Amino acid sequence: MHKSAINSKKLKKGLRGWLTACPFILPGLILVGLFILYPMVFTIRISLSEYQIVQGKITFIGLQNFKNVLAGGSRFWYAYRNNILYAIVTVPFIILGGMLFSYLINNLKHGGSIFRVGFYLPVITSWVIVSLVFQYMFNNSDRGLINYLLVDVFHILDDYVPWLLREWSGNAAIWLMGIWKNMGWAMLIYLAALQGIPADYYEAAKLDGAGLWKSFAYITIPCLRPTTFYVMVNMIIGSFNVFIQVLMLTGGNPNGKTSALQYLLYDKAFNKFEFGEASAVGLISAVSIVILTLVLNKTFKLDSVEKEG
Amino acid sequence: MKKSILKAISLLMVAILIMSCLSGCSKSAEKVAEDEKAPLGSTGSESSSSVKDEEITLTFWHTYGDAEEAQLKNEVLPMWEKSHPNIKIDAVRQDGGQFHQMIVTSFGTGMSPDVARVDIANIAAYAKQGGLVALSDYSDFSDLAKDYMDAPLSTNLYQGKYYGLPLDTNCKAAVINTNIMGELGINGAPTTMEEFIAAAKDRGSYSLNVSGVGDWDMYPYFWLFGGTLTDDGFTKATGYLDSEASVNAMKKIIELHDEKIFTIRDIDGSVDAWDGINSEYAMFFEGPWYFGSYDDCAAKGIIASTIPTFNGNSASVVGGEDIAVFATGKHPEVSYEFAKFMTSKDVQLAMLKSGQLPILKSLVNDEAITSNPVWSVYMKQLESAKARIPSPNNTAIQEIWSETVTSIFIDGVDPQSALSSAAARIDEELR
Amino acid sequence: MKQGKKATFYIGQALLWIFLLGALFVFSIPFLFMISNSFEEFSYVLPYPPRIFPSKFNFDAYKYVLELDLFGTAVRNSIINTIVTVVIAVFISTLSAYGFAKIEFPGRDKIFAIYLFTLMMPGFLNIIPQFLVLKGIKIFGGETGLVGTRAGLILIYVATNVCGHTFFLRNFFRSLPESLSESVLLDGGSRSTIFFKIMLPLSKPAIGTMSIFAIQGFWEEYFTAKVLVGANESMITFPLLLQRLNGQHATRWEWVFAASLLALIPIVILFIIFQKKMVVGGLTSGAVKG
């Protein structure tokens, strides 16, 4: 009796909460349900099925697609490895570079805008365009800018490097592009966050005789921790979404050694009609990101949702 | 909060899993299968008479470039509209890079075009998915087929039926810089590969270039030097791809590469052929579009020639496009009518003006072709050009081939063992 | 003493400037490269030696792009699509974000966690089911529903961005003090009063920032537009037009670069105007609270 009273009270309160919230969340919820959640369920279903695309026939086959992906040769593992390497290599550069440049720009008396815009330009340029330029810069022989500079102008190397055609130089080009393209974004986020660090912290440090570098190391970096976490999570999710660079720069060559999960997924689905395996790759990628985020959350002792507390 | 996220995610996963299984068991509601098509009309004339009165629009997807599109819109479509006033053609130009992906997506969404110009390499794959109408089921097909050249027609074959009509054809022929050939001591185009190799041997820099290791790039060389891929029926690679002749062909390519006569751009990082032919390469193999892209070839001393023979035989690879009717279309008969129209003599001649080589036997010796120094070479070369393996798994076969050649040239794998394992893997795909 | 301090300050500033200018130069190489090559005439092959600085100012490529038949259509479509999408997407996301940030209802955090999870799922494979849903929406009649229509494209754009935007703005709303809305509620005001009178004005900078991120995303979107309206030339967008310049067999690079630079201009201008006002939701909480 007593219990049910509480329950009904709770129910009423819950209903009231929903009624209040509905006008606000419902439009978004409907759209997300139709165009994101339903497709997601569809993808998960396909990952457990054989999908005959023209007939729309879906036959349940259990975990066969996952088995095929995981045991089906080295391409998946190269792709997975490359996603992780991409994160390990690019994220620290993006974070440190973004932090450093934002801090320096913040300390400029005049002309900060020029640098803010300049460093942000790569971010607002489309991936496709940027890929074209990089493809062109890393071109073969003396036609590519990088080769030309390294061999013909500065004589650092003796011979031209076929950058985009080899496993490690191809990956390096993909990493470099990722760093170049994303550092400006990190910078912008940090610039905004820097406004939130109380000026008296720096004043105090100054009185203690700390210079630009000491202030940076002992005040800026610690104060930016929540921001760093935000940037890091975003960039790690981004690392698992590397796609256009691979498509346009290396095509995964040689033999899938510069591939990435998204590229593998795209190739399987849209070139080979293997939608089941493609969906399995997508799910593996998503679960990897979730696990990574949770692990990072733990190490940072922060919660992305609660960080502003 | 952290815990609740974890809990929520695991809950979500379970919910989704259950939903997936449930929906997997129940009959799919997304799309009504269109397995059973209405019985095909017996003759073309009958079907066209049945649609005389109503207004119909057919969607036609293509990847023509500017020149070809202009020709299509200004000459070809008016011809069609004249003879078929009730049937409008909505010609949609797609960009070449994503065309295959567009078609794959359209299969999933049921929004395929009625007719499309499709790369010859993809017909079998689309047919296997059930996306195309088997045109050989029409009663007039066998008569029609006699007019087409054999190699282009064969690219439409899948499991005994033809799923398209040849639309245009091409192949690789030799693009030659006569100035550099002159430096090597060859006047004009070399007639034999032996002659060319002897002349280029001591030059010390690459004289012959190929872009990549893919089938389109490498097959001509592999075939030229005596290699074979499969049996004639395309059922088996073991015994052919790994035969002594094939291994020797691959060894010949390696030898030329080692002697600095032959370079693979995507392996060596050498200058691209379109660029290097002006200054350093004596020869490369390319489709007719190279000559379509430049007006000043003759002035630069660059000419087209059939690929020099080796052991007395020339070789090349067939390219081009077919025109196919899609199974999801509402008007298969009319679409077939349009496909036939596109392969008719007048249309073929009109499209030839923009460089689309015809597929009709009757046009091989046509004045328009024989009088053109480039087209005549390509039509001649087509006689020794072979089609790639017509398999629905052609993407996978391509991948195996590229991997094999890459492993030979980059990792230095022994050609015999590389080709043997490739043959075994291709066998799997052909099964 | 004071003089000395001032001098150190200026030397420091000068060093900073030099360092940043050097970094900016290295950062800008790809752009310089793109600009100088857009003045070249390539005829399908690359110029030698490769250029960072222009050797001449030849605007033929720009002229070619500007005079393309579909140029006007593409630009108009891109502008309309982007503006309509951003307005709708931002409005719906702001509503959602407020709901998730300030209203308590059962299951709130779970639904929000699902929103977060969808951000981690690759979006490629969604295109086919999304297409099927659009096909099923037949408010305007026709057997293909919203497929091939601008409304359909915008609907997908909005839907695929709700989760991310909601996440971004929710953090910002949470950083706004509860006391503001409580006073309104005590005075008998409704939730919508709070939203429109207090929350919206306060969150203008955050909404603006997000809009700029969003505009950029929609402006360059290729894949969805290609699949959804690619069959209809009157619906062509700028990224689709750009892709056409990439030939089937060979590419005229100067056209591609010129078109790319033209596409960049509106976004750069937008950014230059608004850059100083950009903030990031939730991360500037210190400033807002202080």
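No lab work stands behind these numbers, since they all come straight from the coordinates. Computed from a predicted model, the values in this text were never measured in an experiment. So basically every Cβ, Gly included, is an ideal-geometry build from the backbone, and we count neighbours across all protein chains shown.
Annotations for the structure displayed:
- Inter-chain neighbour count for A:240-249: the average number of beta-carbon atoms from partner chains within 10 Å of each residue's beta-carbon is 1.
- Taking a Cβ cut-off of under 10 Å around B:Gly212, the surrounding Lys, Arg, Asp and Glu residues balance to a net charge of -2, with basic ones at +1 and acidic ones at -1.
- Distance histogram for chain C (every C-alpha pair counted, 5 angstrom bins, percent rounded to whole numbers): 1, 5, 9, 11, 12, 12, 12, 11, 9, 7, 5, 3, 2, 1, 0, 0, 0
- Rg/Rh (Cα only; Kirkwood hydrodynamic radius) as it applies to chain B: 1.03
- Folded to 0 to 90 degrees: helix B:415-430 orientation relative to chain B principal axis, Cα: 20
- Helix axis angle, B:332-342 relative to chain B longest principal axis, alpha carbon, degrees: 30
- Using only side-chain charges placed at the Cβ, +1 for Lys and Arg and -1 for Asp and Glu, the dipole size of the range A:52-172 relative to its Cα centre rounds to 620 debye.
- Peptide A:271-279 shows a mean partner chain C-beta count of 4 within 10 Å per residue C-beta.
- For the peptides A:92-103, B:67-78, the ranking by packing is A:92-103, B:67-78, with the highest mean count of neighbouring Cβ atoms within 10 Å listed first.
- Coordinate range along principal axes, alpha carbons of the range B:270-342, Å, largest first: 54, 34, 24
- Net +/- balance of residues flanking A:Asn171 in space, Cβ distance below 11 Å, scoring K and R +1, D and E -1: +2
- Counting only residues at least eight positions apart within a chain, or on another chain, the aspartates and glutamates with an alpha carbon under 15 Å from that of C:Lys135 are B:Glu30, C:Glu143.
- Spatially proximal aspartates and glutamates relative to B:Lys172 (Cα-Cα < 16 Å; intrachain offsets below 8 disregarded): B:Asp119, B:Asp215, B:Asp217, B:Glu286, B:Glu321, B:Glu383
- Cross-link pairs exceeding 26 Å in C-alpha to C-alpha distance, out of B:Lys88/B:Lys380; B:Lys146/B:Lys353; B:Lys128/B:Lys361; B:Lys88/B:Lys353; B:Lys300/B:Lys353, comprise B:Lys88/B:Lys380; B:Lys128/B:Lys361.
- Within the protein assembly as shown, the proportion of Cα pairs with more than 56 Å between them is 18 percent.
- Each of the peptides B:323-333, B:165-175, A:21-31, A:61-71 was scored by the mean count of other Cβ atoms within 10 Å over its residues; in descending order, highest first, they stand as B:165-175, B:323-333, A:21-31, A:61-71.
- Per-residue [θ]222 nm for chain B (sum of -39500 (n - 2.57) over DSSP H runs n ≥ 4, rounded to 500): -12000 deg cm²/dmol
- Chain A, helix-only ellipticity at 222 nm - DSSP H runs n ≥ 4, -39,500 (n - 2.57), divided by all residues, nearest 500: -20500 deg cm²/dmol
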